[in-house]
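The structure appears below as structure tokens.
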Amino acid sequence: MVFTALLVTAVDAQESTGPSADGEAGFVALFDGNSLNGWQKAEENADAWGVAAGTLVCKGKRCHLFYVGDEAPFKNFHFKAEVMTTPGSNAGIYFNTKYQPTGWPKYGYECQVNVSHRDPKKTSSLYAVDDVADPGVKDNQWYTQEIIVKGRHVELKVNGKTLVDYTEPADKQAFSADFERRLSEAGTFALQAHDPDSVVYFRNLRVKKLAD
């Protein structure tokens, strides 16, 4: 990736505030730190995603990176990832979604990644369903995002603090023809590259499946 050299210094300069996968009973790593094994890019703007200094990095036009590895699909789970935004950046973590080659993911929910982008829906928002105005984190610093789904219950945490505690109504209808914004039987995760001005880093992605 042409921007890799510029990004490595920024990543290396920061210390992680989140736990590693080591010692977390039941958690399985989704990213090996070196490659995109287990992940599939959407067909549009594939150069927006790459690996640098042990992180997944997005910088470019809209492109979604879907987890397609052996651990998928996921229904009830506890997901964790370390995330670092840069000023003005926007990204997202979709869950209970499924691969699609182009466009914004239609299925599942989006956990917003945005500290200082103009969109008022900030980090850890359950996008357009239960939005967060101030997640209490800063750009250029790592934070830990957690997503816990159990039945119809969704909990989103940042650095151990619950910011969203949402139970989906049993009769919830699709948000629109373009966005379901509701849980399915099972799905996967997708990371979002939102626009060319947004540079966001993800690392230490791991998940623990929970009993039905």
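Kindly indicate whether VAL68 is β-branched (Val, Ile, Thr), under 26 Å from ALA46 (Cβ atoms), touching a Gly at 6+ places or on another chain (Cβ under 7 Å) and open to solvent by 40 Å² or more (accessible area, probe 1.4 Å). Yes; evaluated as a whole, the condition is true for this residue.
When residues in region 46-65 are screened for being in a strand (DSSP E or B) and open to solvent by 10 Å² or more (accessible area, probe 1.4 Å), 1 of them pass. Restricting attention to region 98-118 and to residues that are among the polar types (S, T, N, Q) and surrounded by 24 or more Cβ atoms within 10 Å (Cβ to Cβ), the residue that is farthest from THR162 (Cα to Cα) turns out to be ASN114. Considering region 168-209, and only residues there that are among the acidic types (Asp, Glu) and more than 23 Å from GLY60 (Cα to Cα), the residue that is least open to solvent (accessible area, probe 1.4 Å) turns out to be GLU168. Hey, can you tell me all the residues within region 122-155 that are open to solvent by 30 Å² or more (accessible area, probe 1.4 Å) and closer than 17 Å to PHE175 by Cα? If the condition is that a residue be open to solvent by 30 Å² or more (accessible area, probe 1.4 Å) and closer than 17 Å to PHE175 by Cα, then TYR127, ALA128, VAL129, ASP130, ASP131, ARG152 are the ones that fit. Within region 26-44, restricting attention to residues that are outside any loop (DSSP other than H, G, I, E, B) and open to solvent by 30 Å² or more (accessible area, probe 1.4 Å), the residue that is nearest to PHE202 (Cα to Cα) is ALA29.
The values are calculated or read from the model by the stated rules, or taken from the named source; none is laboratory data. The structure displayed is predicted, hence computed values, not measured ones. Neighbour counts run over all protein chains shown; Cβ positions are idealised from the backbone, glycine included. For accessibility, only protein heavy atoms count, side chains too; no ligands or nucleic acids. Shrake-Rupley method; radii C 1.70, N 1.55, O 1.52, S 1.80 Å.
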